[in-house]
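Novice: Sharing a structure below in structure tokens format, with a few things to ask.
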Amino acid sequence: MKMNLFQPFHLVTVSPWPLLSSMMIFSLLTFVVNWFYLNKVNYMLYLVILILVVVLFQWWRDVVREGLFQGFHTVKVVRGLKYSFILFIICEVFFFISIFWCYLHMSLSPSVEIGGLWPPLNLNMFNPYLIPLMNTLILLSSGGFVTLSHYSLLNNKKYISIFMMFMTIFLGWLFSLLQYMEYEECGFTFCDSVFGSIFFLSTGFHGVHVLAGSMFLLISLLRMIMKDFSSIHHFGVEASIWYWHFVDVVWLFLYLLVYFWFY
């Protein structure tokens, strides 16, 4: 059957990157489990991480080329990308809902093994008005900066947009630094009852999402500097902004439930 070259959808050509990335992710999981089990790092782990980074870079480079130079990202293709990214964020929402569900279940009906109290006895909780409140203000401010960056890009104020995006990334890294300082001062560990497990599971996964979002915004910033985006074609920036707002909202729930509610 002869293919219609004028249809609005992008038919992806054969690519080695999905297969290679899945193989590297499987290898990464295997080596990490081996590391946890034997308490010894296999140096092949570093090679797998390096190959995975190279594969992902090549894959995303091809996607950028398809949209920027080859013109495959038509209106319908971009709409499909938006729907896909929205579904991805919904998946992330339900991931955190499962963590919050566990936290609420254990906190509203604490078991006798932890003294029937929440937080359990002998666990010193963080003061929510110190580092947690500072991190809340930082993330809320970063959400304002990234919104201004998007607004400036829509109005062709590219230098203001670049500066606002830089400030957002700086605040994201500052949040991660303060989170690390909080972990250093923490008086309990992941193994200290179900409270320690849920605390580090929730805040740790959120911290990973902050680091991923910061990298997402950094790539968008570099592409803005390289003038890859225009006021009408900049889905890469929009996706990174959506993801960052999602990270902000999750932190608000974390702050209210984990830090503030039972203090």
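Novice: Which is farthest toward the positive dipole end of the range 57-176 among HIS150, LEU130, MET106, measuring Cα position about the Cα centre, with Cβ charges +1 (Lys, Arg) and -1 (Asp, Glu)?
Specialist: Looking along the dipole axis, the top candidate is HIS150.
Novice: What is the distance, in nm, between label points placed 7 Å from the Cα along the Cα-to-Cβ direction at LEU50 and at CYS91?
Specialist: 3.0 nm
Novice: Compare the peptides 210-217, 116-123, 225-232, 35-42 by average per-residue count of other Cβ atoms within 10 angstrom and give them in order, highest first.
Specialist: The most tightly packed comes first, giving 210-217, 116-123, 225-232, 35-42.
Novice: If packing is taken as the mean number of other Cβ atoms within 10 Å per residue, what is the order of 201-209, 151-159, 9-17, highest first?
Specialist: 201-209, 151-159, 9-17
Novice: Contact order normalised by length for the range 74-260, with contacts defined as Cα pairs under 8 Å and 6 or more residues apart; what percent is it?
Specialist: Numbers: 158 pairs, mean separation 53.5, N = 187.
Dividing the mean separation by the residue count of the range 74-260 yields 29 percent.
Novice: To the nearest 20 debye, what is the magnitude of the charge dipole of the chain about its Cα centre, counting +1 on the Cβ of each Lys and Arg and -1 on the Cβ of each Asp and Glu?
Specialist: Its charge dipole is roughly 1140 debye.
Novice: Among PHE235, PHE166, PHE188, which one shows the highest mean-square fluctuation when the chain is modelled as a Gaussian network with alpha-carbon springs under 10 Å?
Specialist: With Cα springs under 10 Å in the chain, the top fluctuation among PHE235, PHE166, PHE188 is at PHE188.
Novice: Gain in length, GLU66 to GLN7, computed as 0.36 nm per residue apart minus the alpha-carbon separation, to one decimal in nm?
Specialist: The GLU66-GLN7 span can extend by a further 19.7 nm.
Novice: Here's a follow-up. Can you compute the radius of gyration and Dmax for the chain, using only the Cα atoms, both in Å?
Specialist: Looking at the chain, its Cα Rg and Dmax stand at 21.6, 73 Å.
Novice: Can I ask one more? Mind giving me the nanometre distance, one decimal, between the label points for SER22 and TYR151, set 7 Å out from Cα along Cα→Cβ?
Specialist: It is 4.4 nm.
Novice: Here's another thing I want to ask about it. For q values of 0.09, 0.12, 0.18, 0.20 Å⁻¹, compute log₁₀ I(q)/I(0) with the Debye formula on a Cα-only model of the range 1-156, without solvent.
Specialist: Log10 I(q)/I(0), no solvent term: -0.64, -1.03, -1.25, -1.26.
No value in this document is a laboratory result; all are computed from the given coordinates. Note that the coordinates shown come from a computational prediction; the quantities given were computed from them, not determined experimentally. Every residue, glycine among them, receives a Cβ derived from its backbone with ideal geometry; neighbour counts consider all protein chains shown.
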